[in-house]
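Structure first, then comments.
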Amino acid sequence: MAWERLKFEQGPIRPPSEAGSLLIRLTRNCPWNRCLFCPIYKNEKFSRRSVDEIKSDISAMAEAAKQIRLISDGDSSPGVISRQAVATIQTEYPEMLQIAYWLYGGGKNVFLQDGDSLLLPLHDLLDILSFLKEQFPSIDRITTYARSKTLLRFSQSEMNLLRDQGLSRIHVGLESGCDKVLEFMKKGVTGEQHTKAGLLVKAAGLSLSFYVILGLGGQSLWREHALDTANVINRVNPDFIRMRTLAIHPVSPLYQSFIDGSFTPLTDDQVIREELLFVESLEGIDSYFISDHILNLLEEVEGQLPADKEKMLGTLKRYLNWPEDKRDIFRLGRRTGNFRQLNDLDHQAFVQPVEEYYRQLQSQNITVDEQVRQLMLRFI
Ligand code: SF4
């Protein structure tokens, strides 16, 4: 069968929870691009894509989906994408692979890229959403990143229109609710603006994910960071609280502050103490709390609030109550990919290579803190 080669543009970044989503690029990079801790789009210029460009991508993707279904229909039930079809696409048409995987996974979710897609004019957004649903009637979730400042450009009725046209979830980089932290990190937004933006999204009936960065207050502001962030979240009650842990990438402007001493990061143990205070301070909300990022030391701190709060606190306290050498072994095991959960320390087969590594570091006078900082850079 002769296939037409179809071209469309996709960006590299999406939230981990959108791994299975079809990626549609509305803008390129980040219009703000000043956050000190963020290495993602540094040296990249922001640009808006025209509605025609975006629609042409969506049409090309719809045509690709049609072609993938045709090849699949030969070895599967109509409408279902077979593994064999995915394997064929992988070998012969790798540029279509994302669409093949998406269809194989059900073809339901779409993520609009890049860092702040709602910056496009409202009528353009509505036009794109409508076209997207027309081309892919199977879609039932459309999500995007948005900055709180950008969300605040919309009135409530405009946000409701976006919902009516199919937008269903917004991922917001809250990072912190503490004004001092937000100002130092040049986030360009205040805790109050984060709160208003979150309430606007919630009032429209859209699903809201808030991303929080543990350790962002450093040694001097960790307590305020934990308490003020919990305060914003308690006022908004987002659907999801998604945790990240700060790692300072050499490309990020924060690296200079680290070198000149104007920002002193927390150690892993201090981050867990901060997280304990943060979780203790979450009150009156029913958000789902997730720590599924590889940068988080304790991935298993997860659950539905308020029911799972005590269980989450118990995990944090369990780690903090361990003796120092046991915590160090766990940190090294987690950062080298040997451990995922505290209980992994009960399995000698997992522990033995990490203990070996620990002894090597000691013999070379390398501290666990230093080594962990290096290891974490692999995950940014
Ligand atoms: S954290 Fe988000 S808003 Fe800040 S520079 Fe990075 S992509 Fe842009």
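Quick notes on this one:
- Per-residue Cβ neighbour rank within 10 angstrom, fewest leading, D344, D52, D114, D228: D52, D344, D228, D114
- Per-pair calculated FRET efficiency, R0 = 22 Å: S262 and L361 via Cβ, rounded to 0.05: 0.20
- The orientation-averaged shadow of the Cα convex hull for the chain, equal to a quarter of the hull surface, comes to 20.9 nm².
- Highest-fluctuation residue, K186, K45, K309 considered, GNM on the chain with Cα pairs under 10 Å: K45
- Two-site FRET efficiency, D140 against E53, from Cβ-Cβ distance with R₀ of 30 Å, rounded to 0.05: 0.75
- Rough spin-label spacing in nm, given labels placed 7 Å along Cα→Cβ, for K7 and S220: 5.1 nm
- Cα centroids of the range 342-365 and the range 258-279: 24 Å apart.
- Extension reserve of the D344-Q156 stretch, reckoned as 0.36 nm per residue once the Cα distance is removed: 62.9 nm
- Gyration tensor (alpha-carbon) shape descriptor, the range 325-380, a/c threshold 1.5: oblate
- Estimated FRET transfer efficiency when R0 is 45 angstrom, pair E370-K45 (beta carbons, to 0.05): 0.80
- Rounded, prolate or oblate (a/c below 1.5 giving rounded, otherwise prolate when a/b exceeds b/c) for the range 146-321 by Cα gyration tensor: oblate
- Between the range 2-58 and the range 130-146, the Cα center-to-center distance that results, in Å: 15 Å
- Computed over the chain, the per-residue total of -39500 (n - 2.57) for DSSP H runs of n ≥ 4 gives a 222 nm mean residue ellipticity of -14000 deg cm²/dmol, rounded to 500.
- Computed lengthening from E310 to N234, 0.36 nm per intervening residue step minus Cα-Cα distance: 25.7 nm
- Net charge of neighbours whose Cβ lies under 11 Å from the Cβ of V232, counting Lys and Arg as +1 and Asp and Glu as -1: -2
- Most mobile of F111, F184, F289 in a GNM of the chain (Cα contacts under 10 Å): F184
- Our estimate of slack between E324 and E300, defined as 0.36 nm per intervening residue step minus the Cα-Cα distance, is 6.6 nm.
- For a straight C-alpha distance cut-off of 20 angstrom, the aspartates and glutamates reachable from K149 (same-chain residues fewer than eight places away being disregarded) are D114, D116, D124, E158, E175, D179, E183, E192, D228, D239.
Throughout, read-outs are computed from the coordinates displayed, never taken from laboratory work. None of the values given here were measured: they were computed from a predicted structure. We place every Cβ from the backbone using ideal geometry, glycine too, and count neighbours over all the protein chains shown.
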